[in-house]
Amino acid sequence: MKNKEKLIDYGKDALIVLLLISAVFLLLKAVLYQPQEVLGGLGAFLGSEPSGTITETGDSLVASAAAKPCYVLVTTEDGSHYAAKYDGANKEKLLSQFSPYLGEALGSASSLERITESGWETVLGGSGVFFDYIYPQPLTAMASWLGTELSGSAGEHMVRRLYLGGEKDVLYLYYIDESSMSVYRCATALSLSSFSAKIAELPMGSAHFAFEMGEEYESLDPYFILSDEDCRLRAMSAANPFKDGYSANELLALFEMNSRTALPYPESDGSSVYVDSNKTLRIDSGGKLSFSVSEGVGIAIHGSRGELRIQDCVTRVNSLVQSSIGASCGEATVGLVGISNTLDASNCTLYFGYFLDGLPVGLPGGAYAARAQISNGSVTRVDMYYRGYTPLGETLMPLPEKQVCAIAAERGGEPLLRYDDSVEGFSCSWVTN
């Protein structure tokens, strides 16, 4: 009996030793292959504070969408256009149906073929889907937001308007390069049949492109969509989310500053300023934030393929923007509205704006929701304007689209309906884009 008990004890001891060996092996493996996660977990276990450094690098950040199409138009087999510009729910429904096709088309696009403007306009009269982002976007970044990758020379183009249409059961991708205003098309690996079946589910529409409306509208942007929609918008209240307080430690961590060493000092206007080595963060009680680097490296951007590309900058800055103003803007979203110097990713500036139901929001003095300056491959200055939007359950009544187009036809350009967040209050207006 005693011998049996000894054998059991020996077995338990052996099992404990094996478990210890296994645990040490797994720990060493984790430290070798996932050091950030292990050290972070140990720090949390020991009760230490985070260092304030974002551990994600540019090549591990998920390329979440920095922009979405603001207008969608579907042309059915009979040539009628069904558009969604002002109805946010309807627009989202169309995007959920057709964005996967756009992503697959970008990922499988073959060599580019330049076509004429008249050829493009003929294509727009055929069965297909038209996407308009309002603001030009890097085509490579657009592809990454849709979960794919673009190859070839098309990656250099800034694109606002795209069209998916078919010919002989092949789905083609068409778009306008905004820098040269040249129109391109490329064949994709998609067949027309499944795409056409989706289009057939939609009702007939009564929208038109301006170029289809004759001489009366020839001074308008030819690809402006007269949607024939009810353009009533949702009324919103606009507020500064800082009025309810903010977490300085979270903001410092976001900008890779150490909350232990970056002690605040107040300014006479109620703002707080934090300085950590070469980095300064100023938080204005009125909702404005500015980050700057006096010299040296700021927030590093890592190229996903070694050499820094525009989409790497967009991905890194968009992550910063969505984690800050994008997380506190209520009903709104934040989207990319401009890039300066797209030919030099290491030295460029990115601009972001607020959107409600896919329509832009104008801020006081023409301010941007965020502006990020990149110098020598790192983010060296960021300015943000924190705003939060809440539905009031009421509607705003802008001038009808047809009436605005009749007025704009005399002056030309492109009428753009937007929300206005100003010192006078919250409203909407038509502007010329």
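Quick notes on this one:
- Counting only protein heavy atoms and a probe of 1.4 Å, the accessible surface of the stretch 228-269 is 48% carbon and sulfur.
- What you get for the stretch 61-148, charging only the Cβ of Lys and Arg (+1) and of Asp and Glu (-1), is a dipole of about 320 debye around the Cα centre.
- The stretch 172-218 - Debye-derived log10 I(q)/I(0), Cα point model, q = 0.26, 0.27, 0.32 Å⁻¹: -0.95, -0.95, -1.01
- Table column - 3J(HN,Hα) (Hz), the stretch 365-373, Karplus curve with 6.51, -1.76, 1.60, x for Gly and Pro: x, x, 5, 9, 5, 7, 9, 10, 9
- Cα→Cβ-extended label distance, 7 Å offset, between Glu414 and Ala187, nm: 3.1
- Model label points for Val423 and Glu307, set 7 angstrom from Cα along the Cα-to-Cβ axis, are 4.8 nm apart.
- Cα point-scatterer Debye curve for the stretch 148-295, base-10 log of I(q)/I(0) at q = 0.10, 0.12, 0.17 Å⁻¹: -0.76, -0.85, -0.99
- Building the convex hull from the alpha-carbon atoms of the stretch 191-247 and averaging its projection over directions returns 9.6 nm².
- Residue-normalised accessible area of the stretch 76-209, given per residue in Å² at a 1.4 Å probe: 40
- Point-to-point label distance, Ile115-Ser375, nm (Cα→Cβ direction, 7 Å offset): 4.6
- Dimensions in Å of the stretch 265-331 - Rg and Dmax from alpha carbons: 14.9, 46
- When peptides 84-97, 232-245 are sorted by average Cβ neighbour count within 10 Å, with the highest value leading, the order is 84-97, 232-245.
- Cα centroid separation, the stretch 321-335 to the stretch 155-173 (Å): 30
- Overall, the stretch 370-433 carries a charge dipole of about 260 debye about its Cα centre when +1 sits on the Cβ of Lys and Arg and -1 on the Cβ of Asp and Glu, all other atoms neutral.
- Highest to lowest packing among 416-425, 391-400, scored as the average C-beta count within 10 Å: 416-425, 391-400
The values are calculated or read from the model by the stated rules, or taken from the named source; none is laboratory data. What you are looking at is a predicted structure, and each value in this text was computed from that prediction instead of being measured. Backbone-built Cβ (ideal geometry, glycine too); neighbour counts: all protein chains shown. Just so you know, the surface numbers come from the protein's heavy atoms only, side chains and all, with ligands and any DNA or RNA stripped out. Shrake-Rupley method; radii C 1.70, N 1.55, O 1.52, S 1.80 Å.
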